[in-house]
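What follows is a set of notes on a single structure, which appears directly below.
The values are calculated or read from the model by the stated rules, or taken from the named source; none is laboratory data. The structure displayed is predicted, hence computed values, not measured ones. Neighbour counts are summed over all protein chains in view; Cβ atoms, including those assigned to glycine, are modelled from backbone coordinates with ideal geometry.
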C-alpha cells in the first residue's frame, strides 16, 4: 500500500486516485457552441511548450467542476485499480474505491467537508467507515490525505510547475471519436514531491518521464508512466460541473 500511495503522489497527481459510484451527468453543448469550440481549439493552433504547458492545462482544469478517473497500477506482478470521482471548487469532495491484493478486497475513501471516512477490509466491519476528523495529523490520516491531495488540480499543477524540466510534442491521434494531443514530460522527482510536502522516496529515479494526452480544450485525458517496477495508466472518462458526494450515514461510522 505504501508503494501505491507513493506512486499516486508522484504521478503528476493530476486528479489521480479518485473514485465514486455517483452518476456523473453528461455535459451538453449546442451545435453552434461545439462548432465554435472546434474552430477556436487552442491545441489545434498552438503546441504547448515547457514554458506554457502548466499554465495552459491549469487554466483548462479551473473551468471544470469535477472529474471521473481510473488509475491502474501494475506493481510486482499485482494490479491495483483506483477509480472514482473528485469535485473541485469551494466545496471539494472526493470518493475513492481501491481494489487490489493489498486491500484484501475493496477499500473506500470519502472526503466531505474536510472529514475523511476510511473503509478498509480487515480494519473495520464490512460496510463501515472510520471517521478521521479535519486537522488530524496522525500518520494514517496524513497518508490518506496526501493521496487525496494529489487529486487537487491546483496543488497538482503547482507541484508539476516546480518539477517540470521538459515538454516535448509527440503528435496527435484519434481515440473514441476525438483527437488527443500527445506530449512527453520530463519531471524532477524530488522537486515535485517537495512541492507536495513529501520526502523523496528511496529507490525512485531522479527524473520520471510521463506521457500525457490532452483533448481539444487541453483537459487531461490520459497519462502513462513507468518507473521503479511500476507501470501506470491514468485515464479520465468525462468532466462535469455538478456531482453529489455524500458522507456515510451515522449508522455506518465507527470510532
- Message: Need the failing condition index for residue 21 against (1) surrounded by fewer than 17 Cβ atoms within 10 Å (Cβ to Cβ); (2) in contact with a strand residue (DSSP E or B) (Cβ under 7 Å, 6 or more places away or on another chain); (3) farther than 22 Å from residue 218 by Cβ; (4) at pLDDT below 50, just the number.
- Response: (2)
- Task: Please indicate, with yes or no, whether at least one residue in the range 27-46 is part of a helix (DSSP H, G or I), modelled with pLDDT of 50 or more and closer than 19 Å to residue 222 by Cα.
- Result: no
- Query: Could you say whether any residue in the range 170-183 is over 18 Å from residue 46 (Cβ atoms), in contact with a helix residue (DSSP H, G or I) (Cβ under 9 Å, 6 or more places away or on another chain), crowded, with 17+ Cβ neighbours inside 10 Å and touching a residue at least 12 places away in the same chain (Cβ under 8 Å)?
  - Reply: no
- Query: Does the range 68-75 include one or more residues that are assigned to a loop (DSSP other than H, G, I, E, B) and either at pLDDT 85 or above or surrounded by fewer than 20 Cβ atoms within 10 Å (Cβ to Cβ) (or both)?
  - Reply: no
- strands (runs of 3 or more DSSP E) completely within the range 207-255 that count 1 or more residues being without any contact (Cβ under 8 Å) to a residue 24 or more places away in the chain and surrounded by fewer than 17 Cβ atoms within 10 Å (Cβ to Cβ): 220-227
